[in-house]
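The values are calculated or read from the model by the stated rules, or taken from the named source; none is laboratory data. Predicted, not measured: the structure shown is a model, and the values here were computed from it. Here Cβ is always computed from backbone atoms with ideal geometry, including for glycine, and neighbour counts include all displayed protein chains. Ligands, DNA and RNA are excluded from the accessible area calculation, which covers all protein heavy atoms including side chains. Shrake-Rupley method; radii C 1.70, N 1.55, O 1.52, S 1.80 Å.
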Amino acid sequence: MKKILITGITGYIGGTVARKLLDRNYSVTGLVRNADAAEKLKQLGIESIIGNIHDETVLNSAISNADAIIHTADSADDAYAADSFINALAGSGKTFIFTSGSAIFGGKENGEKSDFVYTEDIPLSPRLEMASRVLINNYVLQSAKKNIRSIVIVPTMVYGDGLGLKKDSIQLPALINFSKEKGFGVYFGKGENIWSNLHIEDLADLYVLALEKAKAGSLYYAENGSSTIKNLAENISRQYHLQPAQSVSVLEAVNTFGPAGGYFGFASNSVCNSDKAKTELGWSPQYQSIENFI
């Protein structure tokens with residue numbers, strides 16, 4: 001039985017990936033920060049190691065007992081953690097799946113539309129604000145030369161009910177909650193900017209397939225559909241019986257969600273194509289409508 005170590009296992013993506021792996025009879029262990037989290041996982045039948053991704057002694061020990069590591073902790077921008085994992089895994093031949101995020105495609109368009117669709121073979125020239133994330137992704141992919149079976153997955157806007165301890169994603173619930181506070185579905189600027197999206201269970205299935213089939217040094221973009229932020233806002237207005245959707249300024253988005261969330265999470269475009277995952281791994285996402293989920 002293959003032993004899989006998951007970071008971020010109490011989170012939305014990590015918890016759902018863990019559930020899918022358990023259903024396929026993998027042995028799953030979570031790296032968690034405290035005894036409270038460990039106890040909650042124990043009730044789900046999941047073993048834990050208590051520690052922190054920056055404690056290299058704990059990390060080395062956890063990695064030595066695992067066949068594969070799936071890194072889903074909220075640290076797509078944490079170069080220190082990425083480097084620690086690569087150093088610990090070098091020469092082992094073990095699998096390392098790293099989670100990034102599709103804000104790397106953003107052009108800070110402030111609610112204006114862009115029709116550009118990214119595929120994995122298009123070189124990225126990210127804006128300064130997202131450059132470190134792309135450098136980290138490339139560093140992880142290049143670690144294949146150090147005898148690590150490294151894989152990077154880039155999720156887009158994820159929706160749906162998580163199967164682990166955390167049931168909700170970040171982006172869409174934040175937009176819904178902000179809209180409820182305002183009394184109307186909210187978009188920013190013209191709201192014509194487009195985000196690719198996918199369901200959490202389809203994303204988790206992609207992790208399982210990558211674990212089982214992907215080649216070292218593989219990058220996969222994950223999407224199954226797209227929507228403008230204005231369309232999401234209009235659906236939120238209808239479903240939650242709010243006033244008709246309205247625009248608010250991008251500055252208000254920045255003040256509410258921070259610069260990364262405002263400029264890139266809600267006012268930029270983030271559109272990609274996932275044909276590579278479908279072709280190479282046989283990934284077949286089942287859910288197609290973020291609107292139905294809203």
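For the chain, modelled as a GNM whose springs connect Cα atoms under 10 angstrom apart, the maximal fluctuation among THR119, THR156, THR16 occurs at THR119. Database remark: amide H of TRP283 closer than 5 angstrom to the amide H of LYS278 (H placed geometrically; neighbours at sequence offset of 5 or more, or on other chains; Pro and chain starts carry no H). Ranking of MET1, MET157 by solvent-accessible surface, largest first: MET1, MET157 (1.4 Å probe, protein heavy atoms only, all chains present).
Here region 212-245 and region 104-129 have alpha carbon centers that stand 16 Å from each other. Summarising the amide proton neighbourhood of MET157: residues at separation of 5 or more, or on other chains, whose placed amide H is nearer than 5 Å comprise SER196, ASN197, LEU198.
Seen from ASN25, the other residues with C-beta closer than 13 Å to its C-beta sum to a net charge of +3, counting Lys and Arg as +1 and Asp and Glu as -1.
Take the Cα of GLU181, step 7 Å toward its Cβ, do the same at TYR80, and the gap between the two points is 3.0 nm.
Note on the chain: GNM, Cα springs under 10 Å; of GLY183, GLY191, GLY164, the largest mean-square fluctuation is that of GLY183.
A 1.4 Å probe run over the protein chains yields, for the chain, 44 Å² of accessible area per residue, whole-number rounding.
Taken over region 219-277, the convex hull of the Cα atoms encloses 99 Å³ per residue.
Using the Karplus relation 6.51 cos²θ - 1.76 cosθ + 1.60 with θ = phi - 60°, the per-residue 3J(HN,Hα) values for region 222-234 come to 10, 7, 7, x, 7, 7, 6, 5, 4, 4, 4, 4, 5 Hz, with x marking Gly and Pro. For PHE188, the residues whose amide H sits under 5 Å from its own are VAL248, ignoring neighbours fewer than 5 places away on the same chain, with H placed 1.01 Å from N. In a simple Cβ point-charge model (Lys, Arg +1; Asp, Glu -1; nothing else charged), region 167-279 has a dipole of about 100 debye relative to its Cα centre. The heavy atoms of ASP83 offer some 60 square angstrom of accessible surface to a 1.4 angstrom probe. 3J(HN,Hα) along region 269-281: 9, 8, 10, 9, 10, 10, 4, 4, 5, 5, 6, 6, 10 Hz, from the Karplus curve 6.51 cos²θ - 1.76 cosθ + 1.60 with θ = phi - 60°, whole Hz, x for Gly and Pro. Ligands, DNA and RNA left out, the 1.4 Å accessible surface of the chain is 47% carbon and sulfur atoms. Note on region 29-84 and region 153-184: Cα centroid distance 24 Å, given to the nearest whole angstrom. Look at the dipole of the chain built from charges on Cβ: of TYR220, PRO173, ILE290, the Cα furthest out on the positive end belongs to TYR220.
Given +1 at the Cβ of Lys and Arg, -1 at the Cβ of Asp and Glu and no other charges, the dipole of the chain around its Cα centre is 400 debye to the nearest 20.
With a 1.4 Å probe rolled over the protein heavy atoms of all chains, the accessible area of THR72, THR279 falls in the order THR279, THR72, largest first. For region 1-65, the calculated P(r) over all alpha carbon pairs, in 10 Å bins from 0 to the bin holding the longest distance, is 23, 58, 19, 0 percent.
For the chain, the longest principal axis of the Cα atoms and the long axis of helix 79-89 meet at an angle of about 30 degrees. Note on the chain: GNM, Cα springs under 10 Å; of ALA37, ALA222, ALA233, the largest mean-square fluctuation is that of ALA37. Straight-line reach from LYS108: which lysines have Cα under 18 Å away, leaving out those fewer than 8 places along the same chain? LYS108 reaches LYS190, LYS230. In loop segments of region 233-294 as defined by DSSP, the chymotrypsin sites (Phe, Trp or Tyr not before Pro) with at most 15 further C-beta atoms inside 10 Å of their C-beta are TYR240.
Given their separation in residues at 0.36 nm each and the Cα-Cα distance between them, ASN255 and TYR139 gain 38.5 nm when the chain is fully extended. In a simple Cβ point-charge model (Lys, Arg +1; Asp, Glu -1; nothing else charged), region 1-97 has a dipole of about 500 debye relative to its Cα centre.
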